[in-house]
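> Here's a structure for you.
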Amino acid sequence: MKPALREPGSPAAERRALEAAIVCLAIPVGAAVLHWRTGLPLMPLKLVVLAAALALLWRDPSFDRRSLLRLEAVKSGWRGVLRRFLALAGILCLAFWLLAPAAPFAFARRHPARWLAFALFSPVLPAYPEEFLFRVFFFQRYGGLFKNPRARVAASALTFSLAHLYLANAWAVGLAFLGGLLFASTYERSHSAALTSLEHGLWAAAIFLIGLGPFFVPGLR
């Protein structure tokens, strides 16, 4: 299933591109600056954006609601996702060992039950709401602006990384971009939020296991 393409240069395409610039660039960057200067919590804004995205998709007659789950894609695709995860997670562990940005395995050692609970439930929270917003909504609403699937995947990943800009550290933004490339490429093939949430959850559990959790949750010990 491909996102509907709009005629380049048409008023509709120009309006949608302007909307994408506001939603995907201006809002996350502006929210990050506001957070840095005032310490204002961003969770209310995230909930508003999530609710608005859900309302827009629900009113869109071209939206295939099967994309919200598409469990058959999980059945056929989970092995490939797991193989890619295991290979790349090994590379991430090696990079973490060499660069040593934080104490290794600290959170998992100190709070094994909390880490296990997070690993089990992370495909649901926080992964699914983020995959709905940055994959399902992004591909449906703005995917038609990109004729090249690779450009669509890269744009989704960039939007995902900018949403982590408020954390003010390169590890969070960089890993979010790399993870976004993986999740968006999976969604490009499967159009299954369930499969991308599973993949997202695996990576979230791995990041918290090896010790990168504090870069995504400030104050975590």
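The values are calculated or read from the model by the stated rules, or taken from the named source; none is laboratory data. Everything quoted here is computed from the prediction, not taken from an experiment. Methodologically, a virtual Cβ is constructed for each residue, glycine included, from the backbone with ideal geometry; neighbour enumeration extends over all protein chains shown.
> Among (1) assigned to a helix (DSSP H, G or I); (2) modelled with pLDDT under 95, there is one condition LEU82 misses while meeting the rest; what is its number?
Single failed check for LEU82: (2).
This table checks each residue for (1) touching a helix residue (DSSP H, G or I) at 6+ places or on another chain (Cβ under 6 Å); (2) hydrophobic (A, V, I, L, M, F, W, C); (3) within 17 Å of HIS200 (Cβ to Cβ).
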{"site": "ARG114", "(1), (2), (3)": "no, no, no"}
{"site": "ALA127", "(1), (2), (3)": "yes, yes, yes"}
{"site": "LEU133", "(1), (2), (3)": "yes, yes, yes"}
{"site": "LYS147", "(1), (2), (3)": "no, no, no"}
{"site": "ARG150", "(1), (2), (3)": "no, no, no"}
{"site": "SER156", "(1), (2), (3)": "yes, no, yes"}
{"site": "LEU165", "(1), (2), (3)": "yes, yes, no"}
{"site": "LEU175", "(1), (2), (3)": "no, yes, yes"}
{"site": "ALA184", "(1), (2), (3)": "yes, yes, yes"}
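Okay, residues lined up against (1) under 30 Å from PRO11 (Cα atoms); (2) under 12 Å from the mean Cα position of the chain (by Cα); (3) surrounded by 18 or more Cβ atoms within 10 Å (Cβ to Cβ):
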| residue | (1), (2), (3) |
| --- | --- |
| ASN148 | yes, no, no |
| ASN169 | no, no, no |
| ALA184 | yes, yes, yes |
| LEU195 | no, no, yes |
| HIS200 | no, yes, yes |
| LEU209 | no, no, yes |
| LEU212 | no, no, yes |
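> Right, something else. Output yes when any residue across the range 104-113 is free of Cβ contacts under 8 Å to residues at least 24 places away in the same chain and not in a helix (DSSP H, G or I), and no when none is.
First, pick out the residues of the range 104-113 that are free of Cβ contacts under 8 Å to residues at least 24 places away in the same chain: 109, 111-113.
Those still in the list that are not in a helix (DSSP H, G or I) too: 111.
Yes, the conditions are met somewhere in the range 104-113.
> Exactly one condition in (1) among the aromatic types (Phe, Trp, Tyr); (2) surrounded by fewer than 16 Cβ atoms within 10 Å (Cβ to Cβ); (3) at pLDDT 95 or above is false for PHE63; which is it?
For PHE63, the failing item is (2).
> Would you say ARG135 is of a type in the set (D, E, K, R), within 30 Å of GLU14 (Cα to Cα), modelled with pLDDT of 95 or more and more than 17 Å from the chain's Cα centre (by Cα)? Break it down into steps so the answer makes sense when it comes.
Details: of a type in the set (D, E, K, R): yes; within 30 Å of GLU14 (Cα to Cα): yes; modelled with pLDDT of 95 or more: yes; more than 17 Å from the chain's Cα centre (by Cα): no.
The answer is no for ARG135.
> Scan the range 18-30 and tell me whether some residue there is among the hydrophobic types (A, V, I, L, M, F, W, C), closer than 24 Å to GLY219 by Cβ and exposed (fewer than 12 other Cβ atoms within 10 Å of the Cβ).
At the first step, the residues of the range 18-30 found to be among the hydrophobic types (A, V, I, L, M, F, W, C) are 18, 20-27, 29.
Okay, now just the ones that are also closer than 24 Å to GLY219 by Cβ, so 29.
When the remaining residues are screened for being exposed (fewer than 12 other Cβ atoms within 10 Å of the Cβ), the result is none.
Looking through the range 18-30, none of the residues is among the hydrophobic types (A, V, I, L, M, F, W, C), closer than 24 Å to GLY219 by Cβ and exposed (fewer than 12 other Cβ atoms within 10 Å of the Cβ).
> Cβ-Cβ distance below 8 Å, separation of 6 or more or different chains: which pairs start in the range 178-195 with a residue that is without any contact (Cβ under 8 Å) to a residue 24 or more places away in the chain and end on one that is surrounded by fewer than 24 Cβ atoms within 10 Å (Cβ to Cβ) and part of a helix (DSSP H, G or I)?
LEU178/ALA157
> Does any residue of the range 201-216 turn out to be touching a Leu at 6+ places or on another chain (Cβ under 9 Å) and closer than 16 Å to PHE137 by Cα?
No; the residues of the range 201-216 include none that is touching a Leu at 6+ places or on another chain (Cβ under 9 Å) and closer than 16 Å to PHE137 by Cα.
> Are there any pairs, at least 6 apart or on different chains, whose C-beta atoms fall under 7 Å, with the first in the range 55-67 and part of a loop (DSSP other than H, G, I, E, B) and the second at pLDDT below 95, and if so, which?
SER62/ALA4; ASP64/MET1
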